[in-house]
Structures are given as structure tokens and as C-alpha cells.
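Note sheet for the following structure.
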Amino acid sequence: MTRTEIKKYIKNRYKVDSVALWEDTPSYIVFRNAKKKWFGIIMDVPYNRVYRGSKDDRIIDIMNVKLDPELISSIKATRGFAPAYHMNKSHWVSIEIAKVSDKKIKNLIDMSLDKVEK
């Protein structure tokens, strides 16, 4: 899945547009519910900032989503997932969007929005 496909999915399903909040990083886009609570953010960051200890510095697209801590602890060791980049690692997880199936990403987006709606 690409960032464009994710934006389209969220727009079509939830009528939510992405917002670029930071002038110095316009490629970082945030998804917020009607109450302005974040349920996702897409960023392009160096691989070695997401996967600590790696020497690989190529830029990758990631999406952070908010999930239940129990789910995070079970998936963050799975290929394509990492402790949340620049977010609370107990409540957020980073998804390397090129390595995770479209179905799984959509499911996690749905869960994240549900989580912030409660």
C-alpha cells in the first residue's frame, strides 16, 4: 500500500482528509477524527531511526497508528512493525507500509480510529 492509497482509503471510508501540520516537514501528514484526536500519521524517515541499530539510512514511509497496548506488544516484533517512531510506544506502533498487507493496514487504521473515538 502507498501513502496515496492510504489517504484515499481514509477519505473514502471516513471522509477525513490528511493535514500537514509542520511547515518544515510537509510530507508528514496527520489524520484526525472530528474531535481533532489523531488516529494516524504518515512520515518518511530514515530506516535506522525506526529500526534502531541498523546502519541502513534509506528513507521509508511509515504510518503510526494508536492501538491497545496488548495488541502492540504482540505485533511490534512482526516483520513490517516497530515501536512507534516519535510517539508513545505503549499506545502507538509504526507500520512500514511497503511491508505490510493492504488488508492489515486498513484493519489497523479502522482499529486506531475506533480507539480514539472511545
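The values are calculated or read from the model by the stated rules, or taken from the named source; none is laboratory data. Remember, it's a predicted structure, so these values are computed and weren't measured experimentally. Every residue, glycine among them, receives a Cβ derived from its backbone with ideal geometry; neighbour counts consider all protein chains shown.
Yes or no, residue by residue, for (1) assigned to a helix (DSSP H, G or I); (2) in contact (Cβ under 8 Å) with a residue 40 or more places away in the chain:
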site	(1), (2)
Lys7	yes, no
Asn12	yes, no
Ser27	no, no
Ile42	no, yes
Asp57	no, no
Ile62	no, no
Leu71	yes, yes
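Could you list all residues from the range 78-103 that are more than 20 Å from Arg3 (Cβ to Cβ) and either in contact (Cβ under 8 Å) with a residue 24 or more places away in the chain or part of a helix (DSSP H, G or I) (or both)? Answer for the range 78-103, where residues must be more than 20 Å from Arg3 (Cβ to Cβ) and either in contact (Cβ under 8 Å) with a residue 24 or more places away in the chain or part of a helix (DSSP H, G or I) (or both): just His91. Restricting the range 49-67 to residues that are surrounded by fewer than 17 Cβ atoms within 10 Å (Cβ to Cβ) and modelled with pLDDT of 95 or more, the residue that is farthest from the chain's Cα centre (by Cα) is Arg58. Only one of the numbered conditions (1) buried (at least 17 other Cβ atoms within 10 Å of the Cβ); (2) at pLDDT 95 or above is not met by Ala84, and that is (2). With the structure loaded, tell me whether Ser18 is on the phi < 0 side of the Ramachandran plot and in contact with a Lys or Arg (Cβ under 7 Å, 6 or more places away or on another chain) or whether it fails that test. For Ser18, the condition - on the phi < 0 side of the Ramachandran plot and in contact with a Lys or Arg (Cβ under 7 Å, 6 or more places away or on another chain) - is met.
Pull up the range 14-25, narrow it to residues that are closer than 22 Å to Asp114 by Cβ and in a loop (DSSP other than H, G, I, E, B), then point me to the one that is farthest from the chain's Cα centre (by Cα). Step by step, filter the range 14-25, then rank; the result is Lys15.
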